[in-house]
Amino acid sequence: MCRKHDMEGPMQKATNRSWDKVYVVIHGPSLSCYKDQKHAKQDPSSRIHHEAALDLSGAECERATDYKKMPNVFRLRLASGGEYLFIAKDQPEMELWINVINSTCSKGGTAPM
Ligand code: I3P
């Protein structure tokens, strides 16, 4: 998927706002983004931009109805106030990701995936 870091925290826009192509993996209570599947498989700590995993506890995920430039965009809002936009390839893929992420958030991170 493509990902854009939209908000760094409450009322604070992210500084790097470019879209990155990322390979997304959910590990327990967190979501990790990698450059590609190879990096994800070889070394789970080799996340894109050397970033930390995103903590899904208390996070929320929903369709980004306010983002009109592209279709099938959803927003992940972290408990920290950070926000990311993701572009799915089509509507079913978008709904699947929203459901999987929300079920991980509400289970406190025990969803296997
Ligand atoms: C950003 C890039 C993004 C754009 C963002 C720009 O510039 O063009 O595609 O978001 O606009 O800041 P850069 O690559 O130089 O960081 P959109 O595609 O959503 O417009 P924004 O700052 O208005 O979010």
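Summarising the amide proton neighbourhood of residue 14: residues at separation of 5 or more, or on other chains, whose placed amide H is nearer than 5 Å comprise 7, 8. For residue 39, the solvent-accessible surface computed with a 1.4 Å probe is close to 70 Å², ligands and nucleic acids excluded. Measuring with a 1.4 angstrom probe and ignoring ligands and nucleic acids, residue 38 comes out at about 130 Å² accessible.
In a GNM of the chain with a 10 Å cut-off on Cα contacts, which of 18, 57, 32 has the highest mean-square fluctuation? In this elastic network of the chain, the residue with the biggest mean-square fluctuation among 18, 57, 32 is 18. Using a probe of 1.4 angstrom and keeping all protein chains present, the accessible surface of the chain works out to 58 square angstrom per residue.
Taking the protein heavy atoms of the chain in the context of the full set of protein chains, the accessible area attributed to carbon and sulfur is 54 percent at 1.4 Å.
Across the chain, C-alpha contacts under 8 Å between residues 6 or more apart give a mean separation that, scaled by the residue count, equals a relative contact order of 29 percent. Within region 17-113, list the GluC sites (Glu not before Pro) lying in a DSSP loop whose Cβ has at most 12 other Cβ atoms in a 10 Å radius. Hits after loop and neighbour filter: 51. Here the relative contact order of region 1-67, from alpha carbon pairs under 8 Å that lie six or more residues apart, stands at 22 percent. Taking square-rooted eigenvalues a ≥ b ≥ c of the alpha carbon gyration tensor, is the chain rounded, prolate or oblate, where a/c under 1.5 means rounded and, failing that, a/b exceeding b/c means prolate? It comes out rounded by the Cα gyration axes.
The values are calculated or read from the model by the stated rules, or taken from the named source; none is laboratory data. Keep in mind that what you see is a predicted model, and the values were worked out from it rather than measured. Cβ: placed from backbone, ideal geometry, glycine included. Neighbour counts: every protein chain shown. For the accessible areas, the whole protein counts, side chains as well, though only heavy atoms, and no ligand, DNA or RNA atoms are used. Shrake-Rupley method; radii C 1.70, N 1.55, O 1.52, S 1.80 Å.
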